[in-house]
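Enquirer: First the structure, which I've put down as C-alpha coordinates, then a few questions once you've had a look.
The values are calculated or read from the model by the stated rules, or taken from the named source; none is laboratory data. Fair warning: this is a prediction, and the values are worked out from it, not measured in the lab. Quick reminder, even Gly has a Cβ in these numbers, built from the backbone with ideal geometry, and neighbours come from all protein chains shown.
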Amino acid sequence: MTSFPDPVARLIDEFRKLPGIGSKSAQRLVFHLIARPGDDIRSLAAAITDLEEGIRPCRTCHQITDIDPCAICIDPGRDHSVICVVERPSDVLAVEGSAEFRGLYHVLHGVLNPLAGIGPESLTIESLEQRLAPGTVHEVILATNAGVEGEATASYLARRLAAGNLRITRPAQGMPAGSELEYTDRLTLARALRGRRTMD
Ligand SMILES: [Zn+2]
(Lines give C-alpha, C1' and ligand atoms only; values in the text may rest on other atoms or scores of the structure.)
Protein backbone atom coordinates (compact mmCIF):
# COMPACT_ATOMS: atom_id res chain seq x y z
CA MET A 1 0.00 0.00 0.00
CA THR A 2 3.00 2.29 0.50
CA SER A 3 3.46 2.37 -3.28
CA PHE A 4 0.30 4.46 -3.70
CA PRO A 5 0.63 8.25 -3.75
CA ASP A 6 0.00 9.63 -0.29
CA PRO A 7 -3.55 11.05 -0.89
CA VAL A 8 -4.61 7.69 -2.35
CA ALA A 9 -3.08 5.68 0.51
CA ARG A 10 -4.70 7.98 3.08
CA LEU A 11 -8.18 7.61 1.63
CA ILE A 12 -7.78 3.84 1.33
CA ASP A 13 -6.85 3.78 5.01
CA GLU A 14 -9.94 5.84 5.90
CA PHE A 15 -12.29 3.60 3.89
CA ARG A 16 -10.80 0.50 5.54
CA LYS A 17 -11.99 1.78 8.93
CA LEU A 18 -15.62 1.49 7.75
CA PRO A 19 -17.63 -1.64 8.58
CA GLY A 20 -17.55 -4.33 5.90
CA ILE A 21 -14.80 -2.66 3.86
CA GLY A 22 -11.55 -4.60 3.41
CA SER A 23 -8.36 -3.50 1.64
CA LYS A 24 -9.60 -4.63 -1.77
CA SER A 25 -12.94 -2.82 -1.51
CA ALA A 26 -11.23 0.30 -0.17
CA GLN A 27 -8.86 0.37 -3.14
CA ARG A 28 -11.74 -0.18 -5.54
CA LEU A 29 -13.71 2.70 -4.03
CA VAL A 30 -10.75 5.07 -4.17
CA PHE A 31 -9.92 4.27 -7.78
CA HIS A 32 -13.59 4.60 -8.66
CA LEU A 33 -13.53 8.10 -7.11
CA ILE A 34 -10.37 9.07 -8.93
CA ALA A 35 -12.15 8.30 -12.20
CA ARG A 36 -15.15 10.51 -11.28
CA PRO A 37 -15.44 14.19 -12.27
CA GLY A 38 -14.06 16.63 -9.71
CA ASP A 39 -17.58 17.91 -8.90
CA ASP A 40 -18.67 14.45 -7.74
CA ILE A 41 -15.69 14.20 -5.42
CA ARG A 42 -16.32 17.68 -4.01
CA SER A 43 -19.98 16.93 -3.37
CA LEU A 44 -19.06 13.68 -1.58
CA ALA A 45 -16.53 15.56 0.54
CA ALA A 46 -19.14 18.23 1.35
CA ALA A 47 -21.70 15.60 2.38
CA ILE A 48 -19.16 14.06 4.77
CA THR A 49 -18.29 17.46 6.25
CA ASP A 50 -21.99 18.31 6.70
CA LEU A 51 -22.44 15.04 8.56
CA GLU A 52 -20.03 16.25 11.19
CA GLU A 53 -21.27 19.82 11.32
CA GLY A 54 -25.02 19.40 10.80
CA ILE A 55 -25.71 16.43 13.05
CA ARG A 56 -26.01 16.50 16.82
CA PRO A 57 -27.71 14.44 19.51
CA CYS A 58 -31.29 15.43 20.36
CA ARG A 59 -31.16 17.01 23.82
CA THR A 60 -34.21 15.00 24.87
CA CYS A 61 -33.81 11.49 23.45
CA HIS A 62 -30.13 11.66 22.30
CA GLN A 63 -30.94 10.31 18.84
CA ILE A 64 -28.72 11.90 16.21
CA THR A 65 -30.63 14.63 14.42
CA ASP A 66 -30.29 17.75 12.32
CA ILE A 67 -33.00 19.54 14.32
CA ASP A 68 -33.07 19.68 18.11
CA PRO A 69 -35.36 18.46 19.61
CA CYS A 70 -35.69 15.79 16.96
CA ALA A 71 -38.73 15.19 14.75
CA ILE A 72 -39.91 12.23 16.85
CA CYS A 73 -39.70 14.07 20.19
CA ILE A 74 -41.84 16.97 18.94
CA ASP A 75 -44.36 14.87 17.00
CA PRO A 76 -47.76 15.39 18.70
CA GLY A 77 -49.07 12.34 16.85
CA ARG A 78 -46.84 10.01 18.86
CA ASP A 79 -47.61 8.48 22.24
CA HIS A 80 -45.60 10.53 24.71
CA SER A 81 -46.43 8.19 27.59
CA VAL A 82 -44.19 5.35 26.34
CA ILE A 83 -40.40 5.47 25.93
CA CYS A 84 -38.43 2.76 24.15
CA VAL A 85 -34.85 2.67 25.45
CA VAL A 86 -32.27 1.49 22.89
CA GLU A 87 -28.48 1.23 22.74
CA ARG A 88 -27.68 2.94 19.46
CA PRO A 89 -29.11 5.49 17.01
CA SER A 90 -29.45 2.73 14.39
CA ASP A 91 -31.72 0.80 16.79
CA VAL A 92 -34.27 3.62 16.53
CA LEU A 93 -34.39 3.09 12.77
CA ALA A 94 -34.84 -0.65 13.25
CA VAL A 95 -37.75 -0.21 15.68
CA GLU A 96 -39.31 2.41 13.40
CA GLY A 97 -38.96 -0.08 10.55
CA SER A 98 -41.01 -2.63 12.49
CA ALA A 99 -43.97 -0.18 12.39
CA GLU A 100 -45.01 -1.60 15.76
CA PHE A 101 -44.11 1.32 18.00
CA ARG A 102 -45.57 4.84 18.07
CA GLY A 103 -44.04 6.15 21.29
CA LEU A 104 -40.82 8.03 21.98
CA TYR A 105 -37.21 6.84 22.25
CA HIS A 106 -34.21 7.21 24.49
CA VAL A 107 -30.77 6.35 23.08
CA LEU A 108 -28.27 5.20 25.72
CA HIS A 109 -25.26 5.41 23.36
CA GLY A 110 -23.84 2.15 24.67
CA VAL A 111 -24.37 -0.51 27.32
CA LEU A 112 -22.86 -1.08 30.72
CA ASN A 113 -19.49 -2.77 30.42
CA PRO A 114 -17.44 -2.57 33.62
CA LEU A 115 -14.43 -4.28 31.99
CA ALA A 116 -14.26 -1.55 29.35
CA GLY A 117 -14.81 1.13 31.99
CA ILE A 118 -18.34 1.95 30.81
CA GLY A 119 -20.41 2.67 33.90
CA PRO A 120 -23.88 4.22 34.27
CA GLU A 121 -22.44 7.74 34.14
CA SER A 122 -21.08 7.07 30.61
CA LEU A 123 -24.61 6.48 29.32
CA THR A 124 -27.60 8.86 29.10
CA ILE A 125 -29.34 7.36 32.15
CA GLU A 126 -29.53 10.53 34.22
CA SER A 127 -31.25 12.31 31.35
CA LEU A 128 -33.72 9.41 31.12
CA GLU A 129 -34.53 9.79 34.82
CA GLN A 130 -35.17 13.49 34.23
CA ARG A 131 -37.66 12.62 31.50
CA LEU A 132 -39.47 10.22 33.83
CA ALA A 133 -39.54 12.61 36.80
CA PRO A 134 -42.76 14.48 35.86
CA GLY A 135 -44.64 11.14 35.97
CA THR A 136 -46.28 11.53 32.55
CA VAL A 137 -44.52 8.45 31.15
CA HIS A 138 -46.36 5.24 32.01
CA GLU A 139 -44.18 2.64 30.32
CA VAL A 140 -40.49 2.23 29.60
CA ILE A 141 -39.53 -0.53 27.15
CA LEU A 142 -35.94 -1.67 27.71
CA ALA A 143 -34.98 -2.68 24.18
CA THR A 144 -31.25 -3.19 24.72
CA ASN A 145 -29.80 -6.10 22.78
CA ALA A 146 -30.07 -9.73 23.78
CA GLY A 147 -26.35 -10.17 24.61
CA VAL A 148 -24.85 -10.40 28.10
CA GLU A 149 -24.21 -6.65 28.38
CA GLY A 150 -27.60 -5.75 26.96
CA GLU A 151 -29.33 -8.00 29.50
CA ALA A 152 -27.22 -6.65 32.38
CA THR A 153 -28.01 -3.09 31.32
CA ALA A 154 -31.74 -3.86 31.16
CA SER A 155 -31.66 -5.41 34.66
CA TYR A 156 -29.75 -2.44 36.04
CA LEU A 157 -32.18 0.04 34.49
CA ALA A 158 -35.22 -1.93 35.70
CA ARG A 159 -33.92 -1.66 39.28
CA ARG A 160 -32.84 1.96 39.00
CA LEU A 161 -35.97 3.26 37.28
CA ALA A 162 -38.51 1.28 39.32
CA ALA A 163 -41.00 3.76 40.72
CA GLY A 164 -44.68 3.96 41.62
CA ASN A 165 -46.88 3.08 38.71
CA LEU A 166 -44.20 3.04 35.97
CA ARG A 167 -44.46 -0.14 33.94
CA ILE A 168 -41.04 -1.47 32.89
CA THR A 169 -41.07 -3.98 30.06
CA ARG A 170 -38.63 -5.89 27.86
CA PRO A 171 -39.25 -7.16 24.31
CA ALA A 172 -39.70 -10.91 24.10
CA GLN A 173 -36.15 -11.50 22.79
CA GLY A 174 -34.47 -8.17 23.40
CA MET A 175 -32.95 -6.45 20.38
CA PRO A 176 -30.65 -8.35 18.04
CA ALA A 177 -27.05 -7.23 18.57
CA GLY A 178 -25.15 -4.81 16.34
CA SER A 179 -24.84 -5.81 12.72
CA GLU A 180 -27.42 -8.56 13.14
CA LEU A 181 -29.96 -5.79 13.38
CA GLU A 182 -30.04 -5.02 9.69
CA TYR A 183 -30.55 -8.68 8.89
CA THR A 184 -33.47 -9.10 11.27
CA ASP A 185 -36.76 -8.94 9.51
CA ARG A 186 -39.31 -6.40 10.63
CA LEU A 187 -41.82 -9.06 11.61
CA THR A 188 -39.47 -10.63 14.15
CA LEU A 189 -38.85 -7.25 15.73
CA ALA A 190 -42.55 -6.38 15.68
CA ARG A 191 -43.38 -9.71 17.32
CA ALA A 192 -40.71 -9.20 20.02
CA LEU A 193 -42.13 -5.76 20.81
CA ARG A 194 -45.72 -6.95 20.84
CA GLY A 195 -44.74 -9.84 23.14
CA ARG A 196 -42.95 -7.59 25.63
CA ARG A 197 -43.18 -8.62 29.26
CA THR A 198 -43.15 -6.68 32.49
CA MET A 199 -39.80 -7.01 34.27
CA ASP A 200 -39.82 -7.95 37.94
ZN1 LIG B 1 -35.45 13.40 20.31
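Enquirer: Would the range 16-32 turn up any residue that is in contact with a helix residue (DSSP H, G or I) (Cβ under 6 Å, 6 or more places away or on another chain) and under 20 Å from residue 90 (Cβ atoms)?
Expert: yes
Enquirer: Hey, another quick one. Kindly evaluate residue 41 against the criterion of being away from the ligand (no atom under 16 Å from the Cβ), without any contact (Cβ under 8 Å) to a residue 12 or more places away in the chain and either loosely packed, with under 11 Cβ neighbours inside 10 Å or aliphatic (A, V, I, L, M) (or both).
Expert: So residue 41 passes the test.
Enquirer: Hey, another quick one. Looking at the structure I just gave you, is residue 137 touching a helix residue (DSSP H, G or I) at 6+ places or on another chain (Cβ under 7 Å), away from the ligand (no atom under 16 Å from the Cβ) and in a loop (DSSP other than H, G, I, E, B)?
Expert: In short, no.
Enquirer: When the residues of the range 97-121 are narrowed to those that are within 16 Å of the ligand (Cβ to nearest atom) and out of contact with any helix residue (DSSP H, G or I) (no Cβ under 9 Å at 6 or more places or on another chain), which ends up farthest from residue 63 (Cα to Cα)?
Expert: Checking each candidate, the answer is 102.
Enquirer: Could you say which residue among 59, 78 is under 16 Å from the mean Cα position of the chain (by Cα), modelled with pLDDT of 95 or more and either surrounded by 11 or more Cβ atoms within 10 Å (Cβ to Cβ) or more than 30 Å from residue 170 (Cβ to Cβ) (or both)?
Expert: Of 59, 78, the one residue that is under 16 Å from the mean Cα position of the chain (by Cα), modelled with pLDDT of 95 or more and either surrounded by 11 or more Cβ atoms within 10 Å (Cβ to Cβ) or more than 30 Å from residue 170 (Cβ to Cβ) (or both) is 59.
Enquirer: When the residues of the range 63-72 are narrowed to those that are crowded, with 20+ Cβ neighbours inside 10 Å and in a loop (DSSP other than H, G, I, E, B), which ends up nearest to the ligand (Cβ to nearest atom)?
Expert: Applying the filter and picking the extreme gives 70.
Enquirer: Okay, moving on. Considering only the range 26-33, I want to know if a residue exists there that is under 26 Å from the mean Cα position of the chain (by Cα) and surrounded by 14 or more Cβ atoms within 10 Å (Cβ to Cβ).
Expert: Scanning the range 26-33 turns up at least one residue that is under 26 Å from the mean Cα position of the chain (by Cα) and surrounded by 14 or more Cβ atoms within 10 Å (Cβ to Cβ).
Enquirer: Determine whether the range 159-168 contains at least one residue that is in the same structural domain as residue 111 (by TED's automatic domain parsing), more than 17 Å from the chain's Cα centre (by Cα), closer than 15 Å to residue 111 by Cβ and modelled with pLDDT of 95 or more.
Expert: Yes, the range 159-168 contains at least one residue that is in the same structural domain as residue 111 (by TED's automatic domain parsing), more than 17 Å from the chain's Cα centre (by Cα), closer than 15 Å to residue 111 by Cβ and modelled with pLDDT of 95 or more.
Enquirer: Taking the range 75-114 only, how many residues are in contact with a strand residue (DSSP E or B) (Cβ under 9 Å, 6 or more places away or on another chain) and among the small types (Gly, Ala, Ser)?
Expert: Summing the residues that are in contact with a strand residue (DSSP E or B) (Cβ under 9 Å, 6 or more places away or on another chain) and among the small types (Gly, Ala, Ser) in the range 75-114 gives 4.
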